[in-house]
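The values are calculated or read from the model by the stated rules, or taken from the named source; none is laboratory data. Computed from a predicted structure; not experimentally measured. Quick reminder, even Gly has a Cβ in these numbers, built from the backbone with ideal geometry, and neighbours come from all protein chains shown. Calculation scope for accessible area: heavy atoms of the full protein, side chains included, ligands and nucleic acids excluded. Shrake-Rupley method; radii C 1.70, N 1.55, O 1.52, S 1.80 Å.
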Amino acid sequence: MKRNTATVASFFRPAAAAVLLLLFFGWDEQARAHPVDRPFSPVLRHPQTYRDVGQVSEHVSNDEEDDTSMRVIPRVNTKDHHLEICCLHANILDYYLTNILHHTNNDHAQMHRLKTNLHRISTDLQAHGCNVTQYHDHKNAVDFRTKLEKMEKMKGITKAISELDILFSYLQDYCVEPRNSTDA
């Protein structure tokens, strides 16, 4: 009986090592295939949130005369650090949550869920170190607020909501932990 146990054990050791090796290579290849791994908020990568943002932005753009010649969300300097761009847009998201979205009164079917998800994103970003008040005086944040203040109140709100998809794209692109920052 001892001999059979030893034979079985000697068979399973190489087999287990081979399986572990295959699993390791599979995970390693998958990790290399995704250069940017983890969003700072899982809600940023959720397909339903992405659809809700697109539908709300499109709904507002279609309902009102949207001035496409002017953009209120400034373009970013891609040479800036990802976290800085992320936190800048977290500041703009905070402005949306406190000054723009509460005026909507759930005009769109997905608005309540979208507001909840955007609050979650804001909370998650702050938990990852985005101090939104630190970016209050950033040139892009000031430009954004200035452009909105120059517009008639409801036109500014409508314009900002129509550009929610742009803000969300910046958040998705820059509020991630780069793969190389987790390598040891």
*Of these, Asp173, Asp137, Asp165, which one is assigned to a loop (DSSP other than H, G, I, E, B) and open to solvent by 50 Å² or more (accessible area, probe 1.4 Å)?*
Asp137
*asked:* Quick test of your reading of the structure: Lys150 fulfils all but one of (1) in contact (Cβ under 8 Å) with a residue 12 or more places away in the chain; (2) farther than 14 Å from His89 by Cβ; (3) not acidic (Asp, Glu). Name the failing condition by number.
replied: (1)
*Among the residues of region 59-79, is there at least one that is outside any helix (DSSP H, G or I), modelled with pLDDT of 90 or more, open to solvent by less than 10 Å² (accessible area, probe 1.4 Å) and within 27 Å of Val176 (Cβ to Cβ)?*
yes
*asked:* Condition first: open to solvent by less than 40 Å² (accessible area, probe 1.4 Å), out of contact with any strand residue (DSSP E or B) (no Cβ under 9 Å at 6 or more places or on another chain), at pLDDT 90 or above and over 23 Å from Asp52 (Cβ atoms). Can you find one or more residues in region 141-157 that meet it?
replied: yes
*Among the residues of region 87-134 satisfying the criterion of being of a type in the set (Ser, Thr, Tyr), open to solvent by less than 70 Å² (accessible area, probe 1.4 Å) and modelled with pLDDT of 90 or more, which is nearest to Glu58 (Cα to Cα)?*
Tyr96
